[in-house]
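As structure tokens, the structure follows; a few thoughts come after it.
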Amino acid sequence: MEKTWNNKAWFMVLPVLLLVAFSAVIPLMTVVNYSVQDTFGNNQFFWAGTEWFEEILHSERFHAALGRNLVFSFIILAIEVPLGIVIALNMPRKGWGVPVCLVLMALPLLIPWNVVGTIWQVFGRVDIGLLGYTLAKLGINYNYVQNPMHAWFTVIIMDIWHWTSLVVLLCYAGLVSIPDAFYQAAKIDGASRWAVFRYIQLPKMNRVLLIAVLLRFMDSFMIYTEPFVVTGGGPGNSTTFLSIDLVKVAVGQFDLGPAAAMSIIYFLIILLLSWVFYTIMTNYDAER
Amino acid sequence: MLELRNVSKVVGGKPHLSDISLTLEHATLNVLLGPTLSGKTSLMRIMAGLDAPTSGSVWFDGKDVTGVPVQKRSVAMVYQQFINYPAFTVYENIASPMRVAGADSATIDREVRKAAELLKLTPFLDRTPLSLSGGQQQRTALARAIVKNAKLVLLDEPLANLDYKLREELRQELPKIFAESGTIFVYATTEPHEALLLGGNTATLSEGRITQFGPTIDVFRKPDDLITAQTFADPPLNTIALAKFGKVFQLEGGVALPVPAHLAEFADGTYTIGFQPHHVATVRTNPGEIGLKATVTATEITGSESYVHLSFADARWTMLAHGIHIYTPDEEIEIFIDPRNLMIFDASGNSVTRRQKLAA
Amino acid sequence: MARIDLNHIRHAYGPNPKSDKDYALKEVHHSWEDGGAYALLGPSGCGKTTLLNIISGLIHPSHGQLLFNGEDVTNLSTQERNIAQVFQFPVIYDTMTVYDNLAFPLRNRGVPEAEIDRKVRETLEMIDLASWAKKKARGLTADQKQKISLGRGLVRSDVNAILFDEPLTVIDPHMKWVLRSQLKQLHQRFGYTMVYVTHDQTEALTFAQKVVVMYDGEIVQIGTPEELFERPKHTFVGYFIGSPGMNVMPVKLAGGMAQIGSHQIQLPSPAMPVAAGKIELGIRPEYVRLGRLGIPVKIAKVEDIGRHKIVRTRLENQEIAVIVGEGQDIPAEPHVAFDPKGINIYADSWRVEGQ
């Protein structure tokens, strides 16, 4: 499909452009502005150049937070994508089970982030939470407030619970678009369950999987609300991700300059990684 | 009058249409005939205003409409897929373009009933499209295109998804329906047989070019060049290369024939001859006919006719013979061709027989 | 390859079928020969695809048995039946090469690699794709993909039957001819049992030795193309086969003559058994002669379709289609005459036997 010639379309997108300008471009510019200056309040600013950037890039605290982000994204992708595929493969294709499964799958996606955090915060508590209480009764010394491993475990389980559905729904959409004839042909060719998956389902799901990975990566890389509500970044700094750290710097310590520089670096990292994904996806399309 | 002047379309560096000039008159049925990817759909999209040409211009009734979007033109389209509003009744589906145009309900009712009658949809007006058969769904889409009373109606392989017999019936009805309006109809198809049944004019397309445009039966009988002849042949055209030396035709594969009298004046050189499968016979009906020995590769019988697949030297031919002819594979048979039915093309593929007529 | 026996097979999609109307496929009881080429021909919804799916094992029939070479396979799965199938839209494994596509069914069955290589190369020769072996299958044209689908069946030496479900739908007319004649040659040379479902009479007639014409869940006639053309058992067969279909007109029979309106037509055999019900005369357009002798008609329309003309004539309220040869002229005062050998008489739409 190609566009017809005229410039009317610009008028149609003008309101959106204005909105984006106010909501994104202007705040972004403000951040850029802060990132190259120093201030002691009172609206007094001093030129700082690339000082903040250098400081951030050499700061161990930043490296640690970035590392935590990467580890976190890697773990949840490694779990959510295969798990999502397995669930999608086992969902019914027709009958009354389809709407039931779809609604069940969509439920976690409909819950606001902070509510998810709160649910798990309570769920995991040893005194009143179902999970925490049960684990404690089973003799497992579970305490996400004090044990970093337990805190990570909780945050990861929470993310999987919240977001695997998205991968499932995307994969399911890819799966139902495969014509029946492919499955019939595979039966006739004597293909095993694994061969059907490897040579029919996986190639047909390729595109939606790339989208799923891209969305889940970006989202998990920007995670903030849930760990903030559940662990507040602790114990210690063990679940302090970039976004949480950023807020600590900006609001907690009121270091506007470093915080601004940090958010720009953060933004650039996400932009870079998204670009990498985008390139992979478009190359894949071109190959087809 | 719809006029395309030197229209070309390039998409992503690849030419989809090359230098197309075509004039379509009002109240005509025009068939675009060509295989998949020959440019039929691209051409229709430009005619409709869904796409703008890369170069060249489109004129309607003397006005340049190049780049004018489809909403501002008087165009209706019917596609291979049956496209109707699933939630509307057949009546509302047919009425929809008139409702958009703001016609009063009395006019709408009259026109809808008239179109429904024409397309045999009257008993189904209160049903929804999805409860109908494929043929009835496509009739609904056709009726909608007709009540729109557009100046240009584009039909992109509208019968391709229908059963053979339904196609046959609709093909027979369509020219009647078309004849009753002053509209320009453009009908794309891959099937030569369909073009012949529809009649009207035909433009043959090959690789984004129009190779010939004229009354359908003329294009079929007197193709300008080899590509047109091949595009407009079903079963495929039989061809073979030959060289003319004085009074002898030397066929590919070593057989030599005396040059038929009416072809004696051609210059010596290499040619390609083509002949339609129904012009090959198993018996000689007049002494002037050329006799050749060919090998049977397969026989297909339709009940009244036989398609005999032959090999002659490296060429693969088809014979369409009346009656039942059963041969065993690899059997050698003698076939006869009336030299007056031969089409002769020069080295660049242009018809020599036609050039001769033009000169005369 | 196998003989296929259909023992009183019936199928209903809904539960608890009561009347005949509930059955998508009414009683089918036939035996198809080993090595035969059969076509199931009929309009959409006639039950032909249901019957094919019963043979391939995708549908378990509500009643009856299916036998391959005398062995009951009704309860066997598709895999266990050892059949091959070519679908309407080409099914290929996109990510594999042409070679690997063909090797796939053999590898799944644990055939030794040397044997696979021999069979695949042999099959590639048969379907004319030897030079494409190393190419990725997804870059191919529709007709080549369809050949790969077929090749995956041919490569197995143990297939009982090859089933085709409207395999030429997405193929351009020119390639249809090539593919069809290749299919025909494969059948003639290797003697596979083939079952071919289509709504296209040309495909059915040219492909099959025996055409099974279906209508409304029933088999109306099984016959050679010639039988279906010359002696259609039901007016539906007359209409459905042939282009245009058979002319069918109500007549009165009396003393070896058929009366159409005020005109008399001589019947081929005077000893026509008298049948009750609605009597009709059927004659194919190929057997109607347009000339100066016979019954006077009006000409409604002439369609020149190149190799012959279809002349639509009117006799009172009856339309009679006539096929006229390419070079033949249409007389100024047209009359039609019926060739006696093309006349069939129908009572309540079924052909009166013993004519």
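Residues are listed down the side, and each one gets a yes or a no for (1) under 23 Å from B:K293 (Cβ atoms); (2) touching a residue at least 40 places away in the same chain (Cβ under 8 Å):
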| position | (1), (2) |
| --- | --- |
| B:F220 | no, no |
| B:F232 | no, yes |
| B:T239 | yes, yes |
| B:L242 | yes, no |
| B:G246 | no, no |
| B:F249 | yes, no |
| B:P260 | yes, yes |
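Give me the residue from segment B:157-202 that is hydroxyl-bearing (S, T, Y) and more than 9 Å from chain C (Cβ to nearest Cβ) and, out of that set, nearest to C:M175 (Cα to Cα). Looking at residues that are hydroxyl-bearing (S, T, Y) and more than 9 Å from chain C (Cβ to nearest Cβ), I get B:T189. The criterion of at least 3 residues that are touching a residue at least 40 places away in the same chain (Cβ under 8 Å) and closer than 29 Å to A:V176 by Cβ is met by the following helices (runs of 4 or more DSSP H) wholly inside segment A:51-129: A:60-90, A:97-110.
Can you name the residue in segment B:226-244 that is outside any strand (DSSP E or B) and among the small types (G, A, S) and, of all such residues, is nearest to the other protein chains (Cβ to nearest Cβ)? In this case the residue turns out to be B:A233.
Could you check segment C:60-100 and list, in sequence order, the residues that are among the β-branched types (V, I, T) and free of Cβ contacts under 8 Å to residues at least 24 places away in the same chain? Selection gives C:V73, C:T74, C:T78.
Within segment B:1-15, the set of residues being more than 17 Å from B:V186 (Cβ to Cβ) and either of a type in the set (V, I, T) or assigned to a strand (DSSP E or B) (or both) comprises B:N6, B:S8, B:V10, B:V11, B:K14, B:P15. With the structure loaded, tell me whether B:K247 is within 14 Å of chain C (Cβ to nearest Cβ) and either in contact with a Gly (Cβ under 6 Å, 6 or more places away or on another chain) or open to solvent by 40 Å² or more (accessible area, probe 1.4 Å) (or both) or whether it fails that test. Answer is no for this residue. Quick one: which of C:Y215, C:Y196, C:Y239 is in contact with a helix residue (DSSP H, G or I) (Cβ under 7 Å, 6 or more places away or on another chain) and open to solvent by 40 Å² or more (accessible area, probe 1.4 Å)? Exactly one residue qualifies, and that residue is C:Y215. Taken over segment B:19-36, the residue count meeting the criterion of being in a strand (DSSP E or B) and more than 21 Å from B:V68 (Cα to Cα) is 6. Need pairs with beta-carbon distance below 9 Å; first residue within 14 Å of chain B (Cβ to nearest Cβ) and within segment C:238-256, second open to solvent by 10 Å² or more (accessible area, probe 1.4 Å) and in a loop (DSSP other than H, G, I, E, B); sequence gap 6+ or separate chains. If the second residue must be open to solvent by 10 Å² or more (accessible area, probe 1.4 Å) and in a loop (DSSP other than H, G, I, E, B), the pairs left are C:G238/C:G245; C:G238/C:M246; C:Y239/C:G245; C:Y239/C:M246; C:F240/C:P43; C:I241/B:T302; C:G242/B:T302; C:G242/B:S304.
Checking the stated criteria, C:Q146 turns out to be closer than 25 Å to C:A204 by Cβ and not acidic (D, E). Which of the residues spanning segment C:121-135 are open to solvent by less than 50 Å² (accessible area, probe 1.4 Å) and either out of contact with any helix residue (DSSP H, G or I) (no Cβ under 7 Å at 6 or more places or on another chain) or at pLDDT 90 or above (or both)? Of everything in segment C:121-135, those that are open to solvent by less than 50 Å² (accessible area, probe 1.4 Å) and either out of contact with any helix residue (DSSP H, G or I) (no Cβ under 7 Å at 6 or more places or on another chain) or at pLDDT 90 or above (or both) turn out to be C:T123, C:L124.
Results for (1) crowded, with 21+ Cβ neighbours inside 10 Å; (2) of a type outside the set (A, V, I, L, M, F, W, C), shown as yes or no for each residue.
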{"residue": "A:D219", "(1), (2)": "no, yes"}
{"residue": "A:T239", "(1), (2)": "yes, yes"}
{"residue": "A:D245", "(1), (2)": "yes, yes"}
{"residue": "A:K248", "(1), (2)": "no, yes"}
{"residue": "A:V251", "(1), (2)": "no, no"}
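Filter segment B:319-335 down to the residues that are over 17 Å from C:E230 (Cβ atoms) and open to solvent by less than 70 Å² (accessible area, probe 1.4 Å), then identify the one that is farthest from the chain's Cα centre (by Cα). Result: B:E331.
Okay, residues lined up against (1) surrounded by 16 or more Cβ atoms within 10 Å (Cβ to Cβ); (2) in contact with a helix residue (DSSP H, G or I) (Cβ under 6 Å, 6 or more places away or on another chain):
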| site | (1), (2) |
| --- | --- |
| B:L17 | yes, yes |
| B:V31 | yes, yes |
| B:D64 | no, no |
| B:K72 | no, no |
| B:Y79 | yes, no |
| B:A87 | no, no |
| B:S96 | yes, no |
| B:T107 | no, no |
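The set of residues from segment C:115-169 being out of contact with any strand residue (DSSP E or B) (no Cβ under 6 Å at 6 or more places or on another chain), polar (S, T, N, Q) and part of a helix (DSSP H, G or I) comprises C:T123, C:S131, C:Q144, C:Q146. The residues listed here are B:V68, B:V100; of these, the one that is over 26 Å from the mean Cα position of the chain (by Cα), surrounded by 15 or more Cβ atoms within 10 Å (Cβ to Cβ), at pLDDT below 90 and more than 30 Å from B:Q172 (Cβ to Cβ) is B:V68. Listed by position, the strands (runs of 3 or more DSSP E) enclosed by segment B:258-360 that each have at least 3 residues that are within 14 Å of chain C (Cβ to nearest Cβ) are B:290-301, B:305-312, B:315-322. Against the condition open to solvent by 40 Å² or more (accessible area, probe 1.4 Å) and closer than 20 Å to B:L198 by Cβ, how does B:T36 come out, does it pass? Judged against the criteria, B:T36 is a match.
Residues in segment C:82-102 that are over 15 Å from A:A185 (Cβ atoms) and either of a type in the set (G, A, S) or crowded, with 18+ Cβ neighbours inside 10 Å (or both): C:V98, C:Y99.
Applying the condition of being among the β-branched types (V, I, T) and open to solvent by 10 Å² or more (accessible area, probe 1.4 Å) to segment B:226-241 and asking which residue is nearest to the chain's Cα centre (by Cα) yields B:T231.
Restricting attention to segment C:67-96 and to residues that are within 13 Å of chain A (Cβ to nearest Cβ) and touching a strand residue (DSSP E or B) at 6+ places or on another chain (Cβ under 6 Å), the residue that is farthest from C:E203 (Cα to Cα) turns out to be C:I83. Taken over segment A:172-217, the criterion of being of a type in the set (G, A, S), more than 10 Å from chain C (Cβ to nearest Cβ) and either surrounded by fewer than 19 Cβ atoms within 10 Å (Cβ to Cβ) or in contact with a Ser or Thr (Cβ under 8 Å, 6 or more places away or on another chain) (or both) is satisfied by A:A173, A:S177.
Note on segment B:269-290: residues that are surrounded by 11 or more Cβ atoms within 10 Å (Cβ to Cβ) and without any contact (Cβ under 8 Å) to a residue 60 or more places away in the chain total 9. Within the group C:R118, C:R138, which residue is at pLDDT 90 or above and open to solvent by 40 Å² or more (accessible area, probe 1.4 Å)? One residue alone meets the criteria, C:R118.
The values are calculated or read from the model by the stated rules, or taken from the named source; none is laboratory data. Everything quoted here is computed from the prediction, not taken from an experiment. Neighbour counts run over all protein chains shown; Cβ positions are idealised from the backbone, glycine included. We work out accessible area using only protein heavy atoms, side chains counted, and drop any ligands, DNA or RNA first. Shrake-Rupley method; radii C 1.70, N 1.55, O 1.52, S 1.80 Å.
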